[in-house]
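The values are calculated or read from the model by the stated rules, or taken from the named source; none is laboratory data. Worth saying up front: this structure is predicted, and the values here are computed from it rather than measured. Glycine gets a Cβ as well: all are built from the backbone with ideal geometry, and neighbour counts include every protein chain shown. Surface accessibility is based on the protein's heavy atoms, side chains included, excluding ligands, DNA and RNA. Shrake-Rupley method; radii C 1.70, N 1.55, O 1.52, S 1.80 Å.
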Amino acid sequence: MIIKTPTKFFLVSGSSEGFSLLNAFDGALLASGVGDTNLVRMSSILPPGCEEIKPPPVPLPQGALVPVAYASINSDVPGETISSAVAIGIPKDANRAGLIMEYSARAEESVVVEQVKKMVEKGMEMRNREIKEIMAISASYKVAATGAVFAGVVLWD
């Protein structure tokens, strides 16, 4: 089987309240625009030369297998703030792979975004790649009864 390397990516995020933890996660997926697809969780490499699609291609084909690097967290503690974020390090050299990092915590959104961006910086440093740009997307939610947040980088073609 030949697997094609994606050439495009887009960022998505969402949050939701739900009947159960899984329903809340499902609601966050729906809110982000990927709820009717089959997410294929991947590790965190952005193929060289991948270009951002803006705005994201919504709706995605129902049932499609969608590669995604994502962060999510859920909670059933009323009043708790939960946040998820993903960040992408775009290298200066377009012939090199970029890096995606994911982070979630029971914390304010700004804390989570700052942490995931630092993770990208350190990961690119480990690879000896200069950063052209860091892109990030996040979601935060104050739980009423049962909630979830989701942030992801979808690879597409």
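Table for the structure above
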item: Members of the range 62-83 that are open to solvent by less than 70 Å² (accessible area, probe 1.4 Å) and without any contact (Cβ under 8 Å) to a residue 40 or more places away in the chain; result: Gly63, Ala64
item: Residue in the range 50-59 that is loosely packed, with under 14 Cβ neighbours inside 10 Å, under 18 Å from Ala139 (Cα atoms) and of a type in the set (A, V, I, L, M, F, W, C) present; result: no
item: Matching option when the condition is under 12 Å from the mean Cα position of the chain (by Cα), open to solvent by 70 Å² or more (accessible area, probe 1.4 Å) and not basic (Lys, Arg), among Ser43, Ser104; result: Ser43
item: Qualifying residue in the range 64-76 (condition: within 18 Å of the chain's Cα centre (by Cα), over 21 Å from Gly123 (Cα atoms) and among the small types (Gly, Ala, Ser)); result: yes
item: Filter result (hydrophobic (A, V, I, L, M, F, W, C) and surrounded by 19 or more Cβ atoms within 10 Å (Cβ to Cβ)) within the range 120-140; result: Val120, Met124, Ala136, Ile137, Ala139
item: Residue match in the range 127-137 (condition: without any contact (Cβ under 8 Å) to a residue 24 or more places away in the chain, more than 25 Å from Ile3 (Cβ to Cβ) and in a loop (DSSP other than H, G, I, E, B)); result: yes
item: Residue, nearest to Gln115 (Cα to Cα), within the range 141-157, restricted to residues that are open to solvent by 40 Å² or more (accessible area, probe 1.4 Å) and at pLDDT 95 or above; result: Tyr141
item: Some residue of the range 19-37 being small (Gly, Ala, Ser), touching a residue at least 40 places away in the same chain (Cβ under 8 Å), open to solvent by less than 20 Å² (accessible area, probe 1.4 Å) and within 25 Å of Ala97 (Cβ to Cβ); result: yes
